[in-house]
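One structure follows; several queries about it will come next.
The values are calculated or read from the model by the stated rules, or taken from the named source; none is laboratory data. Note that the structure is a prediction, hence the values are computed from the model and not measured. Positions of Cβ are generated from backbone atoms using ideal geometry, with glycine treated the same way; all protein chains shown enter the neighbour counts.
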Amino acid sequence: MTLANGHRHLAIPGPTNMPDEVLNALHQASVDIYGGRSEIASRACMKDLKKVFRTKGAMYIYAANGHGAWEAALTNTLSKGDKVQVLESGLFPIVWGENADSLGIETEVLAERPGRAVDLDAVTARLAADSAHEFKAILMVQADTATGVVNDVKGVRSALDETGHPAMLMVDTIASLGCMEFDMDGWGVDVTVAGAQKGLMTPPGLSFTAVSAKAKRAHKTAGLVTNYWDWTFRDGKEHYMWYAGTPPVQMVFALRKALEMLLAEGLDNVIHRHAVLAGATRAAVTTWTSKGDTRFAVSEPAERSNSVTCMLMPRGESSRILDYCENNLGVTIGRGIGRLDDRAIRIAHMGHVNAYNQLGTLAAIETAMAALDIEHGPGGAQSAIEYIANHVK
Ligand SMILES: Cc1ncc(COP(=O)(O)O)c(C=O)c1O
């Protein structure tokens, strides 16, 4: 007996659900890539992406996943033997750092406080101690998708400014752009990395680097530049050059539609929608974790991301809940990854998601915990209902 048949919902933290309008935009015949509609779409995407990143800097679109944009950020600005500081918080900064290691960049990891955001005092102290200015860049994520922690990008900028440190600030917004406030120019970010498949509601396979004037200067002397990622080549006149090869035209059409939809909703409204859905999710998790062996992965409420919430539980229980939700209730929710493999559930509230979707996801989790006799504080779904009722009048 299953109740899963019907319209299924995907509540994993990327790739996320896509609007039908975006899927339909993909369904188009190929067109000339040397101008015309494809070039118009690329220009529109560049312009709209700059609004979403809040930058007047340069924008590059890669036919690659987020790992590609990570590599683009590093190879375009650094040389073999350069040193960078990696601000650990969850999983993804570490993996970005490993990418840097593989390129011959020396990495120093500022170890995380488990379950917490990056410690700004520790960042300031380490930068102050680097009087020789060995660090050429700082690598950080705004939101980590494995733990649901959110970091204070503005705070790291202040640490650089207070210590007079010239390192570039590179920020991975793959799990936050289009979900949470981000202000590249206002916060003094030098390279922003993002992907299409989460807040931007587009299929996986496109990623972006947005680049400040300072990073562009570093690019002039960078020793790791390769043809494919090269910003200079991509600054070329012809549309073909913007992608260093055939533009992924259908993906660009899809991205264009998604950006139009985000801007039509209004970025402030998009961010507010995510904040309320995240608040409702946290209200549910707070109730569930009041009893039993479950807890938030991020201990400080102010450091919990508005794009994904991670709940920790004894090994094995998360899989039982997630399998039950998928097989019996028709909703697929995120599994633990990295160190939290088989120990967490990651509830996405990211991208093309509304209150009805989120309440359904939360009610499904609670149904699973009840059916499987997993101890929890009852009434989490009701807490989410009350949260939304109080915030949307
Ligand atoms: C914060 C963050 N950074 C980087 C990545 C890697 O992106 P991709 O899997 O598209 O290469 C992910 C993927 O989930 C992510 O969540």
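Considering only the range 12-42, how many residues are of a type in the set (A, V, I, L, M) and within 16 Å of the ligand (Cβ to nearest atom)?
Selection size over the range 12-42: 2.
Could you count how many residues in the range 123-137 are of a type in the set (Val, Ile, Thr) and touching an Asp or Glu at 6+ places or on another chain (Cβ under 7 Å)? Steps first, please.
Kept after step one, since they are of a type in the set (Val, Ile, Thr), are these residues of the range 123-137: 123-124.
Then drop every residue that is not touching an Asp or Glu at 6+ places or on another chain (Cβ under 7 Å), which leaves 124.
Matching residues across the range 123-137 total 1.
Of all helices (runs of 4 or more DSSP H) completely enclosed by the range 43-158, which ones contain at least 2 residues that are buried (at least 23 other Cβ atoms within 10 Å of the Cβ) and within 16 Å of the ligand (Cβ to nearest atom)?
Details: elements: 66-75, 92-102, 120-129.
Because the criterion is at least 2 residues that are buried (at least 23 other Cβ atoms within 10 Å of the Cβ) and within 16 Å of the ligand (Cβ to nearest atom), the helices (runs of 4 or more DSSP H) in the range 43-158 that meet it are 66-75, 92-102.
Now, a different point. What number of residues in the range 1-42 are within 23 Å of the chain's Cα centre (by Cα), of a type in the set (Val, Ile, Thr) and assigned to a helix (DSSP H, G or I)?
1
If you don't mind, another one. Just a yes or no: is a residue in the range 256-265 at pLDDT 95 or above and farther than 30 Å from Asp32 by Cβ?
Yes, some residue in the range 256-265 is at pLDDT 95 or above and farther than 30 Å from Asp32 by Cβ.
Next up: Please determine, by comparing only the residues of the range 166-195 that are part of a loop (DSSP other than H, G, I, E, B) and within 12 Å of the ligand (Cβ to nearest atom), which one is farthest from Phe208 (Cα to Cα).
Result: Cys179.
Small (Gly, Ala, Ser), at pLDDT 95 or above and on the phi > 0 side of the Ramachandran plot - does that describe any residue in the range 355-378?
no
Moving on to the next point. List pairs: first in the range 111-127 and on the phi > 0 side of the Ramachandran plot, second of a type in the set (Phe, Trp, Tyr) and at pLDDT 95 or above, Cβ under 9 Å, 6+ apart or cross-chain?
Note: pairs meeting the criteria are Gly115/Phe296.
Follow-up question, since we're still on this one. Among the numbered criteria (1) closer than 22 Å to Asn357 by Cβ; (2) touching a Phe, Trp or Tyr at 6+ places or on another chain (Cβ under 7 Å), which single criterion is violated by Ala275?
Checking Ala275 against (1) closer than 22 Å to Asn357 by Cβ; (2) touching a Phe, Trp or Tyr at 6+ places or on another chain (Cβ under 7 Å), the one that fails is (2).
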